[in-house]
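Just below is one structure, and these are the notes that go with it.
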Ligand code: DAL
Ligand code: ZN
């Protein structure tokens, strides 16, 4: 009789313990779900807020406010279909068609760092005339600019890039040198510019000289932009080049005023 009672009490006790155990597991599972869910939510909010950060350094414009031009910039398998366009966008992701050679190459009447006429003396007619205007504007302000390297053929760009890879390795060379087909020099719209103050060298030191500063502040007056800006390397794909100017015509003024890259101006960031 007493045994039966003890058994019943023990049985009841076991049942209560089972119930407590079940409740404990249930509570643990619920608490875990709440925690994991909470952390996942916080994580997603963080990613979301990061993606909304403006990615345009050194400009007052943000990804939300930046205005882009609706200019046709067709591309097929990475090859641009408007290579003759004054606003043609050529960069690491967008290359010129094989065999592209601008048809109106001429030699601008400006001071060069070398003597004689060479392939690199050339620019497209419109850009060459604008370069003459730029160098004249500079002289009016007592600034002497010197042209170093304009048009490059596919073969020459290939040789330059390969030499840079041999000297610096692929990764390093790709920061400052374009692969053949991907260089603006092949469009005939770009010119590298230097000064005596940096011994006619192509160097970032140019940005600390009177000439380099004049160029940065005035290139747009003749339709040129400093193509590879400091702080915009993640957009242009190349390191800062205070010497590389690119002719873009009337768009230069706006690009300069907004302190943006050609990629941002055209709204082509991929
Ligand atoms: N230095 C520039 C990026 C070029 O090679 O065209
Ligand atoms: Zn250049």
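The values are calculated or read from the model by the stated rules, or taken from the named source; none is laboratory data. Remember, it's a predicted structure, so these values are computed and weren't measured experimentally. Here the Cβ is made from the backbone with ideal geometry for all residues, glycine too, and neighbour counts use every protein chain on show.
Of the residues in the stretch 178-191, how many are more than 8 Å from ligand 1 (Cβ to nearest atom) and either outside any helix (DSSP H, G or I) or surrounded by fewer than 23 Cβ atoms within 10 Å (Cβ to Cβ) (or both)?
Total satisfying the criteria: 6.
Take the conditions within 13 Å of ligand 2 (Cβ to nearest atom) and not in a strand (DSSP E or B) and apply them to residue 239. Does it pass?
Yes.
Show the residue pairs meeting these rules: Cβ distance below 7 Å; 6+ apart or different chains; first residue within the stretch 148-165 and over 17 Å from residue 193 (Cβ atoms); second residue assigned to a helix (DSSP H, G or I).
153/119; 154/186; 156/119; 157/185; 157/186; 161/173; 164/173; 165/173
In the stretch 203-219, how many are surrounded by fewer than 21 Cβ atoms within 10 Å (Cβ to Cβ), in contact (Cβ under 8 Å) with a residue 12 or more places away in the chain and not in a loop (DSSP other than H, G, I, E, B)?
So the first thing to find is which residues in the stretch 203-219 are surrounded by fewer than 21 Cβ atoms within 10 Å (Cβ to Cβ), and the list is 203-205, 207-210, 213-214, 216-218.
Those left that are additionally in contact (Cβ under 8 Å) with a residue 12 or more places away in the chain: 203-204, 207, 209-210, 214, 216, 218.
Narrowing the set further to residues that are not in a loop (DSSP other than H, G, I, E, B) leaves 204, 207, 210, 214, 216, 218.
The number of residues fulfilling the criteria is 6.
What is the residue count in the stretch 221-236 for residues that are away from ligand 2 (no atom under 15 Å from the Cβ), surrounded by 21 or more Cβ atoms within 10 Å (Cβ to Cβ) and outside any loop (DSSP other than H, G, I, E, B)?
1
Tell me whether the stretch 253-266 contains one or more residues that are within 13 Å of ligand 2 (Cβ to nearest atom) and either within 14 Å of the chain's Cα centre (by Cα) or assigned by TED's automatic domain parsing to the domain that holds residue 187 (or both).
no
Is it the case, given these coordinates, that residue 175 is under 26 Å from residue 215 (Cβ atoms), within 11 Å of ligand 1 (Cβ to nearest atom) and surrounded by fewer than 16 Cβ atoms within 10 Å (Cβ to Cβ)?
The answer is yes for residue 175.
Report yes if residue 111 is buried (at least 18 other Cβ atoms within 10 Å of the Cβ), over 24 Å from the mean Cα position of the chain (by Cα) and at pLDDT 95 or above, otherwise no. I'd like the intermediate steps shown before the answer.
On the way: buried (at least 18 other Cβ atoms within 10 Å of the Cβ): no; over 24 Å from the mean Cα position of the chain (by Cα): yes; at pLDDT 95 or above: yes.
So residue 111 fails the test.
Among the residues in the stretch 203-221, are any closer than 22 Å to residue 126 by Cβ, touching a helix residue (DSSP H, G or I) at 6+ places or on another chain (Cβ under 9 Å) and within 13 Å of ligand 1 (Cβ to nearest atom)?
No, that holds for no residue.
Does residue 88 satisfy the condition of being more than 19 Å from the chain's Cα centre (by Cα), closer than 24 Å to residue 242 by Cα, crowded, with 17+ Cβ neighbours inside 10 Å and at pLDDT 95 or above?
No.
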